[in-house]
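Working notes for the structure below.
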């Protein structure tokens, strides 16, 4: 599965294996679910959603410093 | 996960309300929150002319979108701060949004109007960019709203912004700032326009979700000066607490507004307002903070130029 972290600095991470849920991905990447939104093909995902090996998900930080 | 209000699949879970929502019910929730905040705090009247301070980010564009959807008479104010590509992208996003939704927007270019952009101002003052930037924005918002006859200035401050500000003020026991932190600041004189924060009960994450669900094309890029800002540290700390204790963040802020702040106001220092000797805007001192800052910046630029000319003259002088 590919994870694109869109901001504040864009980076991409490949995760191996099956059975990932959104909350596992965030925990693995040390991202706080209270600070981010997760999307797949432009649709928002809740933390219990399963992510398939062939999926690409995007993580958007909702926090800005202004 | 299913929506708390219907059998549809949820797109977002708000743990502080124990509520997952589908798209239509999340939008309904968000707009109800804003409407309730506006009504309960007496923020806006149907015939008010509202100036919305618009940076091009998710909060201000969402605010503008929601107020417009609620039928208010709004005009955007965008201040071009001259912070490189970030400011150009912010300007473009604001104008594109205004065009798309057929909304009126006024722009002020800091450099063209006042002679320096934010990076130059910061360099001249030898201070972090955010202090001069914040002061300039607050001054310009009020001045433009007053001169153009607006009744209210609305800003996109959300629950996270306000909770982070509160945390900073509490950590330093800034009693004056604590007494003045509020979702509504009434116009105390004719020259100080009323300020309101209609998004103060919705979180930054909820605002971002609302913007995404409406296809609002905002600037995702962070202001380059914000990296390392204390506000980000406080937001991170608060969201760590929120993760372990959902609802802690809004309790911290809303209980402050409801229970603590009214007690602070009683003892708050009251200063008499007068007109600034330079610009005529309302201030408690002879010259307002904005004019003092710009005078200092311009003086330092002049002194630097004088030193440069002197060095050049010395270098050009024949040696004996």
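Taken together, the values in this text are just the output of simple stated rules run on the coordinates, not laboratory data. All figures in this text were calculated on a predicted structure; none of them were measured in a lab. So basically every Cβ, Gly included, is an ideal-geometry build from the backbone, and we count neighbours across all protein chains shown.
Cα centroid distance between region B:261-313 and region B:157-202, in Å? The two parts, judged by their Cα centres, are 22 Å apart. Under a Gaussian network description of chain B, with springs only between Cα atoms under 10 Å, the residue in B:141, B:175, B:51 that fluctuates furthest is B:175.
Each of B:191, B:99, A:2 was scored by other Cβ atoms within 10 Å of its Cβ. Listed from fewest to most, they are B:99, A:2, B:191. In terms of its C-alpha gyration tensor, chain B has a prolate overall shape, because the principal axis ratio a/c (a ≥ b ≥ c, square roots of the eigenvalues) is not below 1.5 and a/b outweighs b/c. For region B:212-229, backbone nitrogen atoms closer than 17 Å to the point 7 Å from residue B:99 Cα along Cα-to-C-beta are found at B:216-219. Modelled spin labels at residue A:28 and residue B:263, positioned 7 Å past Cα toward Cβ, are 4.9 nm from each other.
Once the chain from residue B:4 to residue B:28 is taken as fully extended at 0.36 nm per residue, the excess over their C-alpha distance is 7.4 nm. Label-point separation (nm) for residue B:138 and residue A:41, each offset 7 Å from Cα along Cα-to-Cβ? If labels sit at residue B:138 and residue A:41, their model points lie 4.8 nm apart.
Computed from the Cβ-Cβ distance with R0 of 22 Å, the FRET efficiency linking residue B:111 to residue B:309 stands at 0.40.
Over chain B, DSSP H runs of length four or greater, each weighted -39,500 (n - 2.57), average out per residue to a 222 nm ellipticity of -16500 deg cm²/dmol. Shielding value for B:157-168 is 1, the average number of Cβ atoms from other chains within 10 Å of each residue's Cβ. Let a ≥ b ≥ c be the square roots of the eigenvalues of the Cα gyration tensor of region B:74-205; is it rounded (a/c under 1.5), or, if not, prolate (a/b larger than b/c) or oblate? It is rounded, given that a/c, with a ≥ b ≥ c, falls under 1.5. So, in Å, what gap is there between the alpha-carbon centers of chain A and region B:12-60? So the two Cα centres are separated by 26 Å.
What residue among B:152, B:34, B:287 has the largest mean-square fluctuation in a Gaussian network model of chain B, using Cα springs under 10 Å? Sorting by GNM fluctuation, first place goes to B:287. Largest mean-square fluctuation among B:95, B:273, B:185, in a Gaussian network model of chain B whose springs join Cα atoms under 10 Å apart, belongs to B:273. Counting only other chain Cβ atoms within 10 Å of each residue's Cβ, the peptide A:40-48 averages 4. By its C-alpha gyration tensor, with a ≥ b ≥ c as the square roots of the eigenvalues, how is region A:2-61 shaped: rounded for a/c under 1.5, else prolate for a/b larger than b/c, else oblate? Judged from the Cα gyration tensor, region A:2-61 comes out rounded (a/c under 1.5). Relative contact order for region B:272-311: 24 percent, from Cα pairs under 8 Å spaced at least 6 residues apart, divided by residue count.
Equivalent ellipsoid of region B:4-66: semi-axes from √(5λ) of the C-alpha gyration tensor, largest first, are 27, 15, 10 Å. Taking 0.36 nm per residue of sequence separation and removing the Cα-Cα distance, the residue B:316/residue B:173 pair yields an extension gain of 45.9 nm.
Placing pseudo-labels 7 Å out from each Cα toward the beta carbon at residue B:284 and residue B:88 gives an inter-label distance of 4.2 nm. Put in order of Cβ neighbour count within 10 Å, fewest first, the listed residues A:56, B:75 become A:56, B:75. Counting neighbouring beta carbons within 10 Å and listing from fewest to most, the residues B:314, B:286 come out as B:314, B:286. Legend: P(r) of region B:226-320 from all alpha carbon pair distances, 10 Å bins from 0, whole percents, reading 12, 16, 20, 23, 15, 8, 5, 1.
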